[in-house]
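A short write-up of the structure that comes next.
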Amino acid sequence: MSLRRAVMIAVATASLLIVGLLIHLAKSGSASRALDETSRLSNDVTTAVAELDQLIYELMLQPHPRPVQQWRILSEDLQRLFQRLEEIGGPNHLVERLRSEHLQAHELFETIVTDSTFQTQALAQTNTAVVRLRRSRLTEQLLLVSRSLVNHANAIHRASLREQARIKHRDNAITIAALGATIALLAWLLGYIHQQVLARLEALRRGAERAAHGNLALRIADPREDEIGRLSRTFDHLLSEVHDSRKRLSEETALRASEERQRQLIDALPGLVWAARPDGTIDTSNRSWREQFEVTPDAPGYDWTELIHENDRAAWRSAWSSALANGTGFEIEIRLQRRDGWCWYLTRVAPLANDRGELLRWVCKASDINHHKQLEHHLRNSRNQAELLNQVGLDLVGELDIGCLTQRVTDTARALVEAEFCALFYNTTDATGDDAYQLYAVSGLPKEDFAGFGMPHATDLFRVTFTGEGVVRCDDVRQDPRYGRSAPHFGPPAGHPRVVSYLAVPVRTRNGTIIGGLFCAHSQAAQFTMQHERLVLGIAALAATAFDSARLIDAERRQRRLADQHASELARSNAELEQFAYICSHDLQEPLRMVSSFLSLLDERYRAKLDDRGRDFIRRAIEGSSRMHKLVRDILAFSRVGRGERAEELIPLDEVVDEALANLQTTIDQAGARIERSPLPTVRANRLQCVQLFQNLVGNALKFHGDAAPVVTLGASHDGHRWRLTVSDNGIGIDPAQHQRIFQVFQRLHGRDQYDGTGIGLSLCKKIVLAHGGDIGVDSQVGHGATFWFTLPDPSELEQTPLSGLHVLGTPSPESVSEAGAS
Amino acid sequence: MTTTQHRILIVDDNPGDIELVRIAFEMAGLPVVIESVSDGIEAMRLLSTVARDKALPAMVLLDLNMPRANGFEVLDFMCVRHLVDQVPVIVMSTSLQVEDRRRCLALGARAMYSKPDSIQDLRQLVEAFRIYLSQSSVGGPV
């Protein structure tokens, strides 16, 4: 409820009370006045009755018409008084009584008057006494009536007085109640006003006071929906507005201060600094601008980008407009025209935003990077040179063709020293190494243009280079004392390109020989510096090394080609030889078998028809053919080792020896030999060849026995990476001088009558062992037995490094296995 | 001594060998009719003829090293026509290597022998042939 309504209701209530009271009082006043009149009327009635009585008395005393007259007038007055009483509301019953009693009195009076009037004379003359008596009774009645009238009038008077008093009391009570109510209402109103208005106004005042003292953060926070509540809220709002604006104000002040600081700062900064408003309008530039440039970017009416080098201007403009569009910074290298000339600047543009992310300013900073640029230029040059040198080094190492090599050297030299043309003259020899002659490479000119000038003559100028006296570097070669002094041209030949700057470097090999010269030329003076000289010297050294290595490699290649040729020839001849041996052996067998077969047939069928001598001939022929047969078979076996397919496998040598001994069982039994075995390893080898190897060695041990029964000992040892296997016997032994010979094919130490054999057995053994990557030999003294040993690779090591050079071994036929070769 | 005679085909380019085999059979007292051809082509021609006539020999003695077509080709020919299932083929060669043996067996040869150096060894071999002849289903007694 609003205050206003509350107060209005209260005031209206009080007004109603008071108006009601006044109306009431007015009403009771009129009632009181009526009662006053009643009272007065009743008094008048009393007075009038008293006058009537008086008149009666007068009349009594002296009949006279006047009193009658008067009485009548009075009576009429009384009538009017009664009328009036009735009108103003006097007590009706009393007024009626008054009226009736007056009527009675009036009648009585009229009676008396009649008597008096008509008999006045008579009264006096005639019957005075009687008349008098009657008159007295009438008068008495009249007076009684009159008394009653007075009484009733008095009763009216008293009643009106009583009524008047009652009204007065009631009015007082009502007045007191109304006033009390009004007072209470006013008191409530006061309280209400105090509570709802004054106290809150006080709070508001205090708030305002505190706000005035700077406490802008306080809030009254009156939630009530009345005027003061609204006022409080308005106040709060106002306060917060003030607070905000104060804050903004302080921020702006701070910003202004910081801008001022910034301005001082950017003035103090080295390099160029300028700043722009968010829309890109440049409004600040620092001292460096003013000091170094004719105009500053913030100069009005001037496009400062005219200061940017025309090659960089478009890049700057596009970067700047895209920065403005996107609100992002950028970095760019541009050239600016300073008072003292063009200068490279590294320019950074950055947007400056407040903590709400709103773009405030563009800040641009440009640093002088002229020095860097120069360094960078130098660095790039050096790097290019280094790369060129590196590349030419790599190329020269890989390049073996002298023509390409020299061209490459010449090209690189020209690129390095930026000469107009370069030439490399060098001595070389033909493939035989006898004829020396000179060749050249040219860069920067077509080689044909140069062809007409031939080789450089040993002029004063050229000679120093080819004799290795040193480097010649001239800013203007025409000023050189050695220039133009030699016949036939006295200077460059006609048509020769103009040469002013001149740089000549000898090409010297490692052993000091000058093999050529590297010449650089330029038609402008002073083109070649000390650095160029060093570079060309480096190139010359590289070239010399490349020449050397190319020659070496060429020679090596030639040799390798020869060696390869020899090797392939050898391989072919070996293959042919083996094929030849195989075919020979095989084809030799056929006729031999015919011979022996038919001889045996002859012997069987016609033995009886021959004499002893004939039978002896046949026997010899059979023996010869039999030996020939063995020989052929052994040769066949021998040729098969190293031929045929690869058939290597992991084999336990114990099994191999089992098989070899089984093949030799008859021989062992016949010789009464003892074989002493120890466990043997497993090797990777061709099984049949291993059987043959053991069979041959054990067979030999059995064959070459002395007087004692043969004892053959088999053993194995490991020497770190190979197995060493031994076959020892107690036989006749071998002279150490013969140890090498016995492994050669067809070599025999004994006559056939002593020990039979083809002379192939041990050489076959050697071939087998060598084919397996091993070695074979014998330790022996004559008469002290022999120990044959051979080595085979350990297969556990072979697993890791397979022998690629291992020969592929063939397989022996059972026949050739069955009979061991002998030496 | 049996009176039955078996037909035997010898394929060999060496007439001496054929003669020796004949003598060996004679000496062993094994009466056989020996036919011979001297190269592989002839052998194949003859075999196709007798196969058509259902007159297969009781045994074939086959040399390996022959002109025109060698023993392997003949074996292959017989293998493809299932002749090796009907006729025992004995390979007789001067020298036999392991690979040759394996190859002959794979082609259906019944046995391989090196040609002996003496008539005595050959006669022992002929004794062995007697077993193959007794097993042969064709080329029976004539």
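Nothing in this text is a laboratory measurement; each read-out follows from the coordinates by a stated rule. Since we're looking at a predicted model, the values are computed, not measured. Counting neighbours? That spans all protein chains shown, and the Cβs are built from the backbone with ideal geometry, glycine included.
Taking a straight line from the alpha carbon of residue A:373, these lysines sit under 18 Å away, with near neighbours fewer than eight places off in the same chain left out: A:365. Across all Cα atoms of segment B:13-67, the radius of gyration (one decimal) and Dmax (whole number) stand at 12.2, 33 Å.
Taking Cα atoms only, the orientation of helix A:687-703 departs from the longest principal axis of chain A by about 40 degrees.
For the pair residue A:177 and residue A:260 in one chain, pulling the backbone fully straight at 0.36 nm per residue adds 22.0 nm over the alpha carbon distance. Counting other Cβ atoms within 10 Å as a rough exposure proxy, the listed residues A:727, A:778 run A:778, A:727 from fewest neighbours to most.
Can you tell me what percent of all Cα-Cα pairs in chain A are more than 34 Å apart?
Values: 271939 of 338253 pairs.
That tail contains 80 percent of the Cα-Cα pairs.
This ranking places A:598, A:547 by how few other beta-carbon atoms lie within 10 Å of each, fewest first, which gives A:598, A:547. Multiplying the residue separation of residue B:65 and residue B:134 by 0.36 nm and subtracting their alpha-carbon distance yields 22.1 nm. Taking amide H as placed 1.01 Å from N in the peptide plane, residue B:59 has its amide H under 5 Å from the amide H of B:9, each at least 5 places away in sequence or on another chain. Database remark: amide H of residue A:648 closer than 5 angstrom to no amide H (H placed geometrically; neighbours at sequence offset of 5 or more, or on other chains; Pro and chain starts carry no H).
I'd like the per residue volume of the convex hull spanned by the Cα atoms of segment A:269-368, given in cubic angstrom.
91 Å³
Averaged over the residues of peptide B:116-127, the number of Cβ atoms from other protein chains lying within 10 Å of each residue's Cβ is 4. Which of B:42, B:19, B:73 moves most in a GNM of chain B, Cα contacts under 10 Å? Fluctuation is largest for B:19. Between residue A:683 and A:651, A:653, the built amide H atoms are under 5 Å apart, and every one of these is 5 or more places off in sequence or on another chain. Charge tally around residue A:37: other residues with Cβ under 11 Å, Lys/Arg +1 each, Asp/Glu -1 each, net 0. Checked against a 22 Å cut-off, the cross-linked pairs A:630/A:767; B:54/B:115; A:630/B:115; A:703/B:115 give Cα-Cα distances beyond that limit for B:54/B:115; A:703/B:115.
Extension gain for the segment residue A:755 to residue A:201, taken as residue separation times 0.36 nm less the Cα-Cα distance, is 184.3 nm to one decimal. Cβ-Cβ distance of residue A:169 and residue A:231, R₀ of 56 Å, FRET efficiency by 1/(1 + (r/R0)^6): the value works out to about 0.65.
Note on chain B: GNM, Cα springs under 10 Å; of B:71, B:29, B:40, the largest mean-square fluctuation is that of B:29. Remark: A:365, A:609 ranked as A:609, A:365, counting other beta-carbon atoms within 10 Å and listing the fewest first. 3J(HN,Hα) along segment A:360-367, derived from phi through the Karplus expression 6.51 cos²θ - 1.76 cosθ + 1.60 where θ = phi - 60°, amounts to 9, 8, 10, 10, 10, 9, 10, 10 Hz, with x in place of Gly and Pro.
Put a dot 7 Å past the Cα of residue A:687, heading toward its Cβ, do the same for residue A:27, and the two dots end up 15.4 nm apart.
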